[in-house]
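The values are calculated or read from the model by the stated rules, or taken from the named source; none is laboratory data. Just so it is clear, the model here is predicted, and its values are computed rather than measured. Don't worry about glycine lacking a Cβ; one is built from the backbone with ideal geometry, like all the others, and counts go over all protein chains shown.
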Amino acid sequence: LELGSQLRHSLERDELTLLYQPMVQMCDGTTAGFEALLRWEHPEHGTVSPNTFIPIAESNGLIIEIGKWVLRKACQQAMRWQAEFGRPIMISVNVSVRQLSSTGFVEAVTETLEATKLQPECLKLEVTESFLMQDPESTIELLHQLRRIGLTIGIDDFGTGYSSLSYLHRMPLDILKVDRSFVESMFDSEKNASLIRSILALAKSLELNVVAEGVETLAQLQRLQDLGCHFVQGFYFSQPVKPECASELIDHRW
Ligand code: G
Ligand code: G
Ligand code: MN
Ligand code: NA
């Protein structure tokens, strides 16, 4: 059977799961929150990466249903942690282009927040550059609506798309996530290092906080700290893990 139709049954068969990767605050080494990352536990193929099935879900429209499931699941988990730890825990959710562009997206987010009782301030949405630029005017309006609800918006994989700077400064954004390819090549040459410096300078002028993704070594971490990066995320701290394991990272000092 093709993957697309199997994906259709993955929700009812309970084959989708969310893993959580900590985002670490640079200034004090505390866990600032988690990014929720989707996995498909396929009965025959084992764990399937979202890189494989999200594009399928985008093309057959399942992304709407899957996206709602992800949002609800992540908000529920954040509420569970809040009850357990007695303070709000921030959760960051990836949303795809088709999901964001679908009618009723804002309403679906609002409903999920009401149903789970999560404060909107605890929820971040990660959107890609390609989404921002496909129809900038309506995107600006959508992001304003989401922010009015109280959410924070991050631009994911920054530097890999084609953001027009003239639009970027008009986008109501809060966070810029530097794509891990920049972190990976940071020490390859002085040129590569200055790329990250330029992105940080851009973020500063746009008044965005910066998250560096894909941090795998202490050397990278220290350099990013010197460069003034606000948050870091990557295998150096933790892989994406199951909620039970993520719980143990909440009060951890990195
Ligand atoms: O976690 P991993 O590196 O395998 O993720 C691969 C890609 O899948 C990343 O680009 C990530 O943003 C995306 N992704 C992970 N979880 C979700 C999700 O819940 N929804 C969407 N739309 N994309 C996701
Ligand atoms: O596109 P997005 O940034 O949402 O992708 C997140 C993906 O990156 C996750 O699937 C996660 O597994 C992966 N990831 C997270 N940290 C690291 C890291 O330090 N190194 C590498 N290679 N991948 C990472
Ligand atoms: Mn992401
Ligand atoms: Na990213």
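Quick grid of which residues meet (1) among the small types (Gly, Ala, Ser); (2) farther than 12 Å from residue 250 by Cα; (3) modelled with pLDDT under 95:
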residue: 63; (1), (2), (3): no, yes, no
residue: 66; (1), (2), (3): no, yes, no
residue: 70; (1), (2), (3): no, yes, no
residue: 74; (1), (2), (3): yes, yes, no
residue: 77; (1), (2), (3): no, yes, no
residue: 82; (1), (2), (3): no, no, no
residue: 87; (1), (2), (3): no, no, no
residue: 93; (1), (2), (3): no, yes, no
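Within region 13-58, the set of residues being more than 13 Å from ligand 2 (Cβ to nearest atom), over 23 Å from residue 121 (Cβ atoms) and of a type in the set (A, V, I, L, M, F, W, C) comprises 16, 56, 57. Out of all the residues in region 59-73, which are under 30 Å from residue 117 (Cβ atoms) and more than 16 Å from ligand 4 (Cβ to nearest atom)? Once the filter is applied, which keeps residues that are under 30 Å from residue 117 (Cβ atoms) and more than 16 Å from ligand 4 (Cβ to nearest atom), region 59-73 yields 61, 62, 63, 64, 65, 66, 67, 68, 69, 71, 72, 73.
I'd like to know if region 76-98 contains one or more residues that are under 24 Å from residue 158 (Cα atoms) and away from ligand 3 (no atom under 16 Å from the Cβ). Yes, there is a match, as at least one residue in region 76-98 is under 24 Å from residue 158 (Cα atoms) and away from ligand 3 (no atom under 16 Å from the Cβ). Remark: pairs (first residue in region 120-136, over 19 Å from residue 72 (Cβ atoms); second residue within 15 Å of ligand 1 (Cβ to nearest atom) and among the aromatic types (Phe, Trp, Tyr); Cβ separation under 7 Å; 6+ apart in sequence or on different chains) = 129/158.
Of all residues in region 139-153, those that are farther than 20 Å from residue 90 by Cα have Cβ atoms under 9 Å from Cβ atoms of residues that are part of a loop (DSSP other than H, G, I, E, B) and of a type in the set (D, E, K, R), 6 or more apart or on another chain, in 140/170.
Elements of the type strands (runs of 3 or more DSSP E) sitting completely within region 8-48 and holding at least 1 residues that are farther than 20 Å from residue 178 by Cβ and within 16 Å of ligand 4 (Cβ to nearest atom): these cover 16-25, 31-42. Residue count for region 142-171, restricted to those that are more than 16 Å from ligand 2 (Cβ to nearest atom) and at pLDDT below 95: 9.
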